[in-house]
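J.: Got a structure here, written out as structure tokens. Questions coming.
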Amino acid sequence: MEKRNIIAGFELGEKTSQITIYDRKENKAVCVPVKIGGSDSEFATALSRKEDGGQWHFGREAEYFAAQKQEILIDNLYELCKDNKEAEIGTDRYPASFLLTVFLREGLRLAGISEPSLELSALMVTVPGITRELVENMRIAFQELGISRGRGFLQDYDESFYYYTLYQRPDIWSRKVGMFLFEDREVSFKSLNMNDKTRPVLVSVGRGERMTLPEDPREKDSAFQSMIERAFGEDVYSSVFLMGDGFSRDWAKKSVLLLCRHRRHVFMGNNLYVKGACYAAKEKIEERMLKGYLFVSRDLVRHNIGMDMTVNGSNTYYLLIPAGINWYEAVRDVDILLNGEQDLTFSVSSMDDGTRNRYSMELPGLPKRPDKATRLHLHLEYISPEECTIEVRDEGFGELFPSSGLTWKETMRE
């Protein structure tokens, strides 16, 4: 029975993870607590199991059973997924995609979602960084969970920063937005920058310095204060986010005053990324609040790929893959009929300056048939922001012109 209505965001972090659900009554993303009635929503990115098999344990339970019941702990799940490595428990080896499926399933159960294929309207997973291997493992996990391509999504932390910020009140992001990330004594800075002279408005994340703070509280406060001054420079910031576990008002006396200067909004917490993932999921399937904005990430496809062809008797340009989407979402399948050609020509245009080039793909060995008697199946899929694979399969044309069984594959590099 069709009952999909839940929009969820899931942070798959290096050490800890979280999950959020979109509250339609409150119109906001709400973190799912680890314990009913509690406020802590972070759980370990970990699984555990006995060497001889049995039940999988998840999150904090995994840490407990590893420490107290001699189970084998897998606490590097994100690393395994991005590098596509297996984990060993006893004599058994488990692929990263299998472990990811188990972890996502248990995380969703924490949120009361026992049947993702029936209950989820959309799920966005956010991660520190994206690799081709991570994308493939995530696709397999989504498939195993019954989450179709149009309902399961992936993005990195920077894009979650973007979605979270622009889903807040406009005064929060009326100017630049900054973020300081604390990891023990390490602190790094990045900013959300908008170019409102373009249409759509282009939004990007800029990276600043990274430094190790001193141990002494006074020296730490002074060092962080200097870092803030260098990070902000002459730019005007309307808000600042403080993320991670290394920041405390106990030592940041002068720093807090500087952060709050000029009536800047200052926020503390560790759930920005996971809430940003939830808002992104809502944006993709329902809201379209940000249609006048484009996030320019490192993963963005910056070229349109299309073909000049005849459609319903008229010559037209047919867009196959649009620029402005992330490479791991850029997939297209289409069937075409050849009209005298023995090769394929693609039109590739830049979203930055509009320059257009042509890319030809030869089809050696393709049987010569009458016009419009050769049907080809095209599969285009990006494997990085600059590389698109093109796979072509000869389908023939009915019983008169059976398929040759030939396939051709090339990688187009921009």
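The values are calculated or read from the model by the stated rules, or taken from the named source; none is laboratory data. Remember, predicted model here, so these are calculated numbers, not experimental data. Cβ placement follows ideal geometry from the backbone for every residue including glycine, while neighbour counts extend to all protein chains displayed. Just so you know, the surface numbers come from the protein's heavy atoms only, side chains and all, with ligands and any DNA or RNA stripped out. Shrake-Rupley method; radii C 1.70, N 1.55, O 1.52, S 1.80 Å.
J.: Roughly speaking, what is the centre-to-centre gap between the range 13-57 and the range 250-290 when only Cα atoms are used, to the nearest Å?
T.: 21
J.: Given R₀ = 56 Å, FRET efficiency for residue 184-residue 316 by Cβ-Cβ distance, to 0.05?
T.: Step by step, r from the Cβ atoms, then E = 0.45.
J.: Turning to a different aspect of this structure: Any idea how far apart residue 391 and residue 23 come out in nm if each label point goes 7 Å out from Cα toward Cβ?
T.: Distance between the two pseudo-spin positions: 4.5 nm.
J.: Antiparallel as a % of all DSSP beta bridges within the chain, to the nearest 5?
T.: 75
J.: Can you give the Rg/Rh ratio of the range 294-402, where Rg is from the C-alpha atoms and Rh is the Kirkwood radius?
T.: Ratio of gyration radius to Kirkwood radius: 1.01.
J.: At 0.36 nm per residue, minus the direct Cα-Cα distance, what do residue 384 and residue 70 gain on full extension? Give it in nm, one decimal, please.
T.: Values: separation 314, 0.36 × 314 = 113.04 nm, distance 4.12 nm.
That pair, residue 384 and residue 70, stretches by 108.9 nm at full extension.
J.: Separate question: Rounded to the nearest 20 debye, what is the charge dipole size of the chain about its Cα centre when +1 sits on each Lys and Arg Cβ and -1 on each Asp and Glu Cβ?
T.: So the magnitude is around 1500 debye.
J.: Could you work out the per residue convex hull volume over the alpha carbons of the chain, in cubic angstrom? If you can, show how the numbers build up before the last one.
T.: Details: hull volume 83.5 nm³, N = 414.
So the per-residue hull volume is 202 Å³.
J.: Still on this structure: Rounded to whole Hz and in sequence order, give me ³J(HN,Hα) for the range 115-122 from the Karplus expression 6.51 cos²θ - 1.76 cosθ + 1.60, θ = phi - 60°, writing x for Gly and Pro.
T.: 10, x, 5, 9, 9, 8, 7, 7
J.: I need the peptides 254-261, 59-66 ranked by packing, meaning the mean over residues of other C-beta atoms within 10 angstrom, with the highest value on top.
T.: The packing order, highest mean first, is 59-66, 254-261.
J.: Say R0 is 41 Å: what FRET efficiency, to the nearest 0.05, do residue 353 and residue 168 get from their beta-carbon distance?
T.: Efficiency, rounded to the nearest 0.05: 0.80.
J.: Further question: Between the range 166-229 and the range 340-362, how many Å separate their Cα centres?
T.: Cα centroid of the range 166-229 versus Cα centroid of the range 340-362: 40 Å apart.
J.: I would also like to ask the following. Run the numbers on the chain and let me know its relative contact order in percent, using alpha-carbon pairs under 8 Å that are six or more apart.
T.: Across the chain, relative contact order equals 12 percent.
J.: A follow-up question, please. For residue 154, what residues show an amide H to amide H distance below 5 Å, using hydrogens built from the backbone and excluding near sequence neighbours?
T.: Placed amide hydrogens put 125 under 5 Å from residue 154.
J.: Could you order peptides 216-228, 337-349, 130-142 by the average number of other Cβ atoms within 10 Å of their residues, highest first?
T.: 130-142, 216-228, 337-349
J.: Which of the peptides 277-284, 187-194 is most tightly packed, and how do the rest follow, judged by the mean count of other Cβ atoms within 10 Å per residue?
T.: Details: 277-284: 26.4, 187-194: 19.8.
The densest-packed peptide leads the list: 277-284, 187-194.
J.: Could I ask something else about it? Tell me the carbon and sulfur percent of the accessible area for the chain, rounded to whole percent, probe radius 1.4 Å.
T.: Here it works out to 46 percent.
J.: Note the full-extension length gain between residue 229 and residue 335 as 0.36 nm times their separation in residues minus their Cα-Cα distance, in nm to one decimal.
T.: Difference between extended and current length: 32.5 nm.
J.: Mind checking the per residue accessible area of the chain for me, 1.4 Å probe, whole number of Å²?
T.: Solvent-accessible surface per residue comes out at 51 Å².
J.: Calculated FRET efficiency, residue 360 and residue 98, Cβ-Cβ r, R0 41 Å, to nearest 0.05?
T.: For R0 = 41 Å, the calculated efficiency reads 0.50.
J.: Can you list the HN-Hα couplings for the range 28-33, worked out from phi with the Karplus curve (6.51, -1.76, 1.60; θ = phi - 60°), rounded to whole Hz and with x for Gly and Pro?
T.: Coupling constants for the range 28-33: 7, 7, 10, 6, 8, x Hz.
J.: Show me, for the range 174-188, the HN-Hα J-couplings you get by feeding each phi into the Karplus relation (A = 6.51, B = -1.76, C = 1.60, θ = phi - 60°), rounded to Hz, glycine and proline as x.
T.: 5, 10, 5, 10, x, 9, 10, 10, 9, 10, 6, 9, 7, 9, 10
J.: Could you tell me how many degrees, from 0 to 90 and to the nearest 10, lie between the Cα long axis of helix 272-282 and the main elongation axis, the longest principal axis, of the Cα atoms of the chain?
T.: The answer is roughly 40 degrees.
J.: A further question follows. Run the numbers for residue 139 and residue 410: contour at 0.36 nm per residue of separation, minus the present Cα-Cα distance, in nm.
T.: Net length gain for the segment: 95.3 nm.
J.: Obtain the nm distance between the two label points defined at residue 215 and residue 308 by a simple spin-label model: each point lies 7 Å from its Cα along the Cα-to-C-beta direction.
T.: Simple spin-label model gives 7.0 nm for this pair.
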